[in-house]
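The values are calculated or read from the model by the stated rules, or taken from the named source; none is laboratory data. Bear in mind that the values here come from a model prediction, so they are computed numbers and not experimental data. Every residue, glycine as well, gets a Cβ built from its backbone with ideal geometry; the counts of neighbours run over all protein chains shown.
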Amino acid sequence: MDSSIERALAITPASRAAERTIDITTTGAQTGRPRRIEVWFYRVDGRIYLSTSPAKRSWYANLVANPDFVFHLKHGVRADLRAVGTPVLDRAEREAVFTSIIADLNQPWNPAGIRQPVEPLEEWMQGSPLIGVEFPEADAA
């Protein structure tokens, strides 16, 4: 993987909202048509995740039905990365990832500018989508 792409993916809790903001193009679960939407990504223990505050999301349903998607970097570097999304269902992994995301969003300097405090962990555990992201072409390199 190109070093500029690696840097763009290597966000930290100090990363600003723009650095976390990407577009994803999924395949519609019902229509089969491409659907592009802006979302945030997170990096926890070296792995990339997609999530949002508790709510049902169409992009999550699309990825459950069709896990192949395009991860569009658009800040600092522009790149369209082939990706595969896997729902994270294991309770221990979900808890570890959401604990990290909530701590990230609740930090005092809050570079993302989100209203604090962010919802309690249990609300995220029960109501937030969580997708682990893999980049198959990076594994082949």
**Report entry** Selection count where residues are crowded, with 16+ Cβ neighbours inside 10 Å and either of a type in the set (S, T, N, Q) or over 20 Å from ALA65 (Cβ atoms) (or both), scope segment 22-37
**Finding:** 4
Query raised in the report: Inside segment 123-141, can you point out the residues that are aromatic (Phe, Trp, Tyr) and modelled with pLDDT under 95?
Result: TRP124
Query raised in the report: If you check ASP104 against the conditions, is it modelled with pLDDT under 90, charged (D, E, K, R), in a helix (DSSP H, G or I) and under 16 Å from ILE11 (Cα atoms)?
Result: yes
**Report entry** Filter pass, ARG78 being of a type in the set (Lys, Arg) and closer than 24 Å to LEU105 by Cβ
**Finding:** no
Requested in this report: Residue by residue through segment 10-39, note down the ones that are under 22 Å from VAL88 (Cβ atoms) and touching a residue at least 60 places away in the same chain (Cβ under 8 Å).
Outcome: PRO13, SER15, ARG20
Query raised in the report: Say we look at segment 40-57 and pick out the residues that are out of contact with any Pro (no Cβ under 7 Å at 6 or more places or on another chain) and assigned to a loop (DSSP other than H, G, I, E, B); which of these is nearest to ILE5 (Cα to Cα)?
Result: GLY46
Report summary line: With the first residue restricted to segment 87-108 and required to be surrounded by 16 or more Cβ atoms within 10 Å (Cβ to Cβ), and the second required to be part of a helix (DSSP H, G or I) and not polar (S, T, N, Q), Cβ contacts under 7 Å at 6 or more apart or on different chains are VAL88/ARG94; VAL88/VAL97; ARG94/MET125; PHE98/LEU121; PHE98/TRP124; PHE98/MET125; ILE102/LEU121; ILE102/TRP124
Report task. Inspect all residues belonging to segment 55-72 and state whether any of them is β-branched (Val, Ile, Thr), under 13 Å from ILE22 (Cα atoms), modelled with pLDDT of 95 or more and in contact with a strand residue (DSSP E or B) (Cβ under 8 Å, 6 or more places away or on another chain). Result -> yes
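Being farther than 19 Å from GLY132 by Cβ and basic (Lys, Arg) is the requirement here; does ARG7 meet it? Give the steps one after another, and end with the answer.
Numbers: farther than 19 Å from GLY132 by Cβ: yes; basic (Lys, Arg): yes.
Here the answer is yes, as ARG7 does meet what is asked.
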